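Colleague: I am attaching a structure below and will ask some questions about it afterwards.
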Amino acid sequence: MRRRASVAELEQLGADAVIVSTEGLFDEQVRNIVGAQGVKYAIDPVTGETGTQIYQSLNNEGHMLV
């Protein structure tokens with residue numbers, strides 16, 4: 001997510017956590033949310049470099065929707 005304004009809407013739709021790419025390093029934000037366990041589900045509607053970071057943050061049973 002690039003805009004903080006969209007976070008509340010995603011949380012209302014059921015997101016447990018939303019990472020805002022302009023608010024710090026991606027991997028640090030992931031660790032702060034899930035720790036060492038990794039991400040179980042992730043959505044990347046844009047792909048690109050951020051998509052690679054999201055993929056690398058998945059746990060062994062994680063799923064990513066692109």
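The values are calculated or read from the model by the stated rules, or taken from the named source; none is laboratory data. Just so it is clear, the structure is predicted and the values come from calculations on it, not from any experiment. Please note: Cβ atoms are built from the backbone with ideal geometry, for glycine as well, and neighbour counts cover all protein chains shown.
Colleague: Can you name the residue in the stretch 32-66 that is among the charged types (D, E, K, R) and within 17 Å of ALA17 (Cβ to Cβ) and, of all such residues, is surrounded by the fewest Cβ atoms within 10 Å (Cβ to Cβ)? Before the answer, list the steps.
Modeller: Taking the stretch 32-66 and keeping what is among the charged types (D, E, K, R), we get 40, 44, 49, 61.
Then drop every residue that is not within 17 Å of ALA17 (Cβ to Cβ), which leaves 40, 44.
Details: LYS40: 12, ASP44: 15.
Among them, the one singled out is LYS40.
Colleague: Sticking with this structure for a sec: Please verify whether the stretch 3-16 includes one or more residues that are hydroxyl-bearing (Ser, Thr, Tyr) and surrounded by 12 or more Cβ atoms within 10 Å (Cβ to Cβ).
Modeller: Filtering the stretch 3-16 for residues hydroxyl-bearing (Ser, Thr, Tyr) gives 6.
Among the residues that remain, those that are also surrounded by 12 or more Cβ atoms within 10 Å (Cβ to Cβ) are: 6.
Scanning the stretch 3-16 turns up at least one residue that is hydroxyl-bearing (Ser, Thr, Tyr) and surrounded by 12 or more Cβ atoms within 10 Å (Cβ to Cβ).
Colleague: Looking only at the stretch 40-63, count how many residues are acidic (Asp, Glu) and free of Cβ contacts under 8 Å to residues at least 12 places away in the same chain.
Modeller: Final tally of qualifying residues: 1.
Colleague: I've got another one for you. Could you please find all residues in the stretch 21-66 being of a type in the set (A, V, I, L, M, F, W, C), at pLDDT below 90 and not in a helix (DSSP H, G or I)?
Modeller: Result: ILE43, VAL46, VAL66.
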